[in-house]
Amino acid sequence: MKKAQMVSLVFCGALLALVLSCASTGGGKVVAHEGVWDWQTDNDASNGGTSTITMTEGTEGGITAYSFAGTITNEYQYGDVYVKVYPAGDMLDLLKTMTAVSFKVKGDGDAYMIKIPTSNITDYAYYQYSFDTVDGQEMLIIVPMAYFMQASWGKTEIFDQSLAEWIEFQTTRSGAPGPYEFKLWDLKLYTGGIPTQNTKTKKAAPAAAAKGVGGDLGAMAFKLLDNFQYGDGYQGVFSDKRLFNGHKLVPGETFTLKITYTTSRDLEDIVQVGLVDTTPAASYWKPLSWLGDEGMAEIPTSKAGEKVSVTLTFTTVAEATGSSGAANALVFLTKGEGKKGTPNSGAKKSVTLDFTEFVFTQE
């Protein structure tokens, strides 16, 4: 599934142990371990996806840092990209016995995930921990081992840390298309307890200035995928952070979407569009611009290649749970022939909307 490695850079530094001056929640002396890591990237190509990731080496505060950027696509329904960090030398033994892991990150406002893959889990439902980022802000993330939980969709397996093989960072967009950008550095493993952040640590840099809502996002291809497992048609979630640039939706706001597109096949029904929060904190589905089964913006049914040009208006009725793209997203829905509750039962399969115009503004 995830075999091909695109880039490999080795972070070389003297293997050493640093005794932290901060307290330990484990009651003992906390020891931080730095060492040699092999940083690699991976994407969803093995599943037919086209998501991209590039890695660039630089520095942050004199420490080797790695910047990652690219675009998530939904050519593969659960499109994502990955950073795999392989331990060298004594670090593998420490990975199997550590009490916590920490790292510094500068993100783009999206949520990301750290995983500890173990060889006893063969369905990729590794133990993981999700963390939020603030656009342009440096953050220190400390994750005790007890915070790692297995992905809910997998076959239940115990967390056997002695079988740990590497550390993995992953986007959490799950096919929601759009660009992403983040930086990682100062990766450390801990033994002897759980560290607490030293209050003397340099204060994080302020978040980047707000860029304003939306604008002209240009031409793009956007796929609506089979959603009969949960609904009665096809669905595409557009969580590109350029829609709101870190703005968190609250009730009473009004937005306009002007779009022009053609479809890759004849549609079976109208297209419905609305603002939605798709984060775990919102139970993965919280309508923000409609109530119940009514209130979504509607676009008439069209045939393959037919030019559709409409202007839609949305007024928010609920508050998003956060400022990430996934919490402030646009969803496109269209019904079709298929059996609800049965995955991949859509008679006509997925449909692509080829946008030649996509302008999103606030009134």
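Being assigned to a loop (DSSP other than H, G, I, E, B), within 27 Å of the chain's Cα centre (by Cα) and touching a residue at least 60 places away in the same chain (Cβ under 8 Å), is that true of even one residue in segment 274-291?
yes
Being at pLDDT 85 or above, buried (at least 16 other Cβ atoms within 10 Å of the Cβ), touching an Asp or Glu at 6+ places or on another chain (Cβ under 7 Å) and over 30 Å from Glu253 (Cβ atoms) is a property that Trp166 lacks. Restricting attention to segment 229-246 and to residues that are farther than 21 Å from Ser302 by Cβ and charged (D, E, K, R), the residue that is least open to solvent (accessible area, probe 1.4 Å) turns out to be Asp240. Does segment 51-61 include one or more residues that are open to solvent by less than 10 Å² (accessible area, probe 1.4 Å) and under 14 Å from the mean Cα position of the chain (by Cα)? Yes, segment 51-61 has at least one match.
Within segment 310-352, the set of residues being within 22 Å of Trp290 (Cα to Cα) and among the hydroxyl-bearing types (Ser, Thr, Tyr) comprises Thr311, Thr313, Thr315, Thr316, Thr321, Ser323, Ser324, Thr334. Annotation: of all residues in segment 292-314 being over 19 Å from Arg265 (Cβ atoms) and not in a strand (DSSP E or B), the one that is modelled with the lowest pLDDT is Asp293.
For segment 247-282, how many residues are charged (D, E, K, R), within 19 Å of Ala176 (Cα to Cα) and crowded, with 16+ Cβ neighbours inside 10 Å? Let's see the steps before the verdict.
Filtering segment 247-282 for residues charged (D, E, K, R) gives 248, 253, 258, 265-266, 268-269, 277.
When the remaining residues are screened for being within 19 Å of Ala176 (Cα to Cα), the result is 248, 277.
Subset that is crowded, with 16+ Cβ neighbours inside 10 Å: 277.
Number satisfying all stated conditions: 1.
The set of residues in segment 337-363 being under 14 Å from Asp266 (Cβ atoms), among the small types (Gly, Ala, Ser) and buried (at least 17 other Cβ atoms within 10 Å of the Cβ) consists of Gly346, Ser350.
How do the strands (runs of 3 or more DSSP E) wholly within segment 92-162 filter down when requiring 1 or more residues that are among the aliphatic types (A, V, I, L, M) and either open to solvent by less than 10 Å² (accessible area, probe 1.4 Å) or at pLDDT below 95 (or both): which remain?
Working: elements: 100-106, 111-116, 127-132, 138-144.
Where strands (runs of 3 or more DSSP E) fall fully within segment 92-162 and carry at least 1 residues being among the aliphatic types (A, V, I, L, M) and either open to solvent by less than 10 Å² (accessible area, probe 1.4 Å) or at pLDDT below 95 (or both), they are 100-106, 111-116, 138-144.
On the stretch given as segment 315-361, residues that are under 25 Å from the mean Cα position of the chain (by Cα), of a type outside the set (A, V, I, L, M) and in a strand (DSSP E or B) total 8. Within segment 71-91, the set of residues being closer than 30 Å to Asp226 by Cα, open to solvent by less than 40 Å² (accessible area, probe 1.4 Å) and at pLDDT below 95 comprises Ile72, Thr73, Asn74, Gly79, Asp80. Kindly check whether there is at least one residue in segment 176-198 that is in a loop (DSSP other than H, G, I, E, B), under 23 Å from Gln272 (Cβ atoms) and at pLDDT below 90. Yes, that holds for at least one residue.
The values are calculated or read from the model by the stated rules, or taken from the named source; none is laboratory data. Predicted model, so just to flag it, every value in this text is computed and none were measured. Cβ: placed from backbone, ideal geometry, glycine included. Neighbour counts: every protein chain shown. Areas reflect the complete protein model, heavy atoms only, side chains present, ligands, DNA and RNA absent. Shrake-Rupley method; radii C 1.70, N 1.55, O 1.52, S 1.80 Å.
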